[in-house]
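Notes follow the structure.
The values are calculated or read from the model by the stated rules, or taken from the named source; none is laboratory data. All of these numbers come straight from a predicted model, not from anything done at the bench. Glycine gets a Cβ as well: all are built from the backbone with ideal geometry, and neighbour counts include every protein chain shown. Side chains are part of the model used for accessible areas, which takes the heavy atoms of the whole protein and leaves out ligands, DNA and RNA. Shrake-Rupley method; radii C 1.70, N 1.55, O 1.52, S 1.80 Å.
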Amino acid sequence: MSENKQPTIYDVSERAGVSLATVSRVVNNNGKVKEETRRKVLKAIKELNYRPNAMAKGLASSKTTMVGMMVPDLTDLYFAELAQGIDAVAKIYNYSVSLSVSDNNPTAGKEAFETLMSQHVDGIVYIGNQTSQEMFDLLKSSPVPVVFAGSVAQDGKLPSVNIDYVQAFQQAGNILKQHLSDTQIALVDNPGESGLSALRQQGFLKAVSKGKIYESEDDYRSGYNLAHHLLEDGIKGVIVGEDEPAIGILNYMLDNHVQVPNDFKIISSNDTKLVKMTRPAVSSVTQPKFDIGAVSMRLLTKLMSGDPVDDPTVILPHEFVLKDTTL
């Protein structure tokens, strides 16, 4: 922590070696805390000269009518469509939304979380397809409710709203198997540390047991650069975890006079505006992106109000739009 930076509840948590929720209980004198733990927290508060203001001291009982939204990339259209659903429901329930960018980076993610905590948000909707274990641990210890939107909690213990990724990628594999053999089909994905990639792979391998899996970053250039390796390996059809690398693969094929879909087939996963604008248009899993965001925010309002929640894991239906890259 720099000398000029005000200490945060996270700094206290780190110094005392306890969760954020425990620090919050000590600060607010709310809930059972072992005496030894309480002393450690108070010692850390004193050493850091941490001074929670009146709003922070009332965090456990008062409402700020503000929720936080953590998003990894402001330029990604998939995240933008989720955010629209979150914002729409937040307005219905008279919550304002504070946006914080995690940048798919553990350090930036920690800073984004600290920023929201310093604003004393009542809850957080977390969006992120590449989430480190460190980030998961931080969110699990949050003193306010957290809901994952279009992202998977690794241990399944945090509320989330998604589609059935296993089923979707199994179906995508079966679509390509109508025309190609297992060894001609590949999955292109960015595994990172996210449970989302594991579900995609599980579904893919259910359908294409001998299929290959290639790693790629979630950007256009990575897909473009990978494409020639796919051709060298005899791959004739791919399912891609994100739209940008899918378009990179498509454009490489077009630049090198590979006929799509006759000689190479592509299915993407997010069906954003990007794949709708390509020519040929890219086939894709269609996720109800706005609805994922909206349902996530509604689930968060229930958790913040202490209302009963039937099932904290919500699975919404998905479909397929088969366009020019598979027909």
Check the stretch 264-271 and report whether any residue there is among the hydroxyl-bearing types (S, T, Y), closer than 22 Å to Q184 by Cα and open to solvent by less than 20 Å² (accessible area, probe 1.4 Å).
-> yes
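Quick grid of which residues meet (1) open to solvent by 10 Å² or more (accessible area, probe 1.4 Å); (2) without any contact (Cβ under 8 Å) to a residue 40 or more places away in the chain; (3) small (G, A, S):
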{"site": "Y126", "(1), (2), (3)": "no, no, no"}
{"site": "D137", "(1), (2), (3)": "yes, yes, no"}
{"site": "P143", "(1), (2), (3)": "yes, no, no"}
{"site": "F148", "(1), (2), (3)": "no, no, no"}
{"site": "K157", "(1), (2), (3)": "yes, yes, no"}
Test S160 against the criterion of being at pLDDT 90 or above and within 30 Å of T64 (Cα to Cα), and give yes or no.
-> yes
When you go through K273, K302, K265 one by one, which is the residue that is modelled with pLDDT of 95 or more and among the basic types (K, R)?
-> K265
Do we have A207 as among the hydrophobic types (A, V, I, L, M, F, W, C) and more than 19 Å from the chain's Cα centre (by Cα) here?
-> yes
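So that you can scan it fast, the table gives a plain yes or no per residue for (1) closer than 17 Å to L74 by Cβ; (2) charged (D, E, K, R); (3) at pLDDT 95 or above:
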residue	(1), (2), (3)
S102	yes, no, no
V125	yes, no, yes
K140	no, yes, no
S151	yes, no, no
N174	no, no, yes
Kindly provide the set of residues from the stretch 20-56 that are open to solvent by 40 Å² or more (accessible area, probe 1.4 Å), at pLDDT below 70 and outside any loop (DSSP other than H, G, I, E, B), ordered by number.
-> A54, M55
Checking L59 against (1) crowded, with 19+ Cβ neighbours inside 10 Å; (2) at pLDDT 85 or above, which single condition isn't satisfied?
-> (2)
Tell me, which residue of the stretch 296-316 that is open to solvent by 50 Å² or more (accessible area, probe 1.4 Å) and part of a helix (DSSP H, G or I) is farthest from P145 (Cα to Cα)?
-> R298
Output for Cβ contacts, cut-off 6 Å, separation at least six or different chains, first residue closer than 17 Å to E114 by Cα in the stretch 32-52, second among the acidic types (D, E), reads L48/D11
Going by the structure shown, is A246 closer than 27 Å to L74 by Cβ, touching a Lys or Arg at 6+ places or on another chain (Cβ under 8 Å) and not hydroxyl-bearing (S, T, Y)?
-> no
Of the candidates S197, S222, the one satisfying the condition of being open to solvent by less than 10 Å² (accessible area, probe 1.4 Å), under 24 Å from the mean Cα position of the chain (by Cα) and not basic (K, R) is S197
Members of the stretch 90-107 found to be assigned to a helix (DSSP H, G or I), out of contact with any Asp or Glu (no Cβ under 6 Å at 6 or more places or on another chain) and either of a type in the set (F, W, Y) or open to solvent by 20 Å² or more (accessible area, probe 1.4 Å) (or both), listed by number | K91, I92, T107
Taking first residues from the stretch 308-326 that are free of Cβ contacts under 8 Å to residues at least 60 places away in the same chain and second residues anywhere that are assigned to a loop (DSSP other than H, G, I, E, B) and acidic (D, E), the pairs with Cβ under 7 Å that are 6 or more apart or on different chains are V321/D271
Tell me, yes or no, whether the stretch 99-109 has at least one residue that is of a type in the set (A, V, I, L, M), under 20 Å from V295 (Cβ atoms) and out of contact with any Cys (no Cβ under 6 Å at 6 or more places or on another chain).
-> yes
Restricting the search to the stretch 243-257, which residues are open to solvent by 10 Å² or more (accessible area, probe 1.4 Å) and closer than 21 Å to F320 by Cβ?
-> E244, I247
Take the residues in the stretch 63-89 that are open to solvent by 50 Å² or more (accessible area, probe 1.4 Å) and not aliphatic (A, V, I, L, M), then tell me which one is nearest to the chain's Cα centre (by Cα).
-> D73
Of (1) in a helix (DSSP H, G or I); (2) more than 23 Å from the chain's Cα centre (by Cα); (3) buried (at least 19 other Cβ atoms within 10 Å of the Cβ), H228 satisfies all except one. Which?
-> (3)
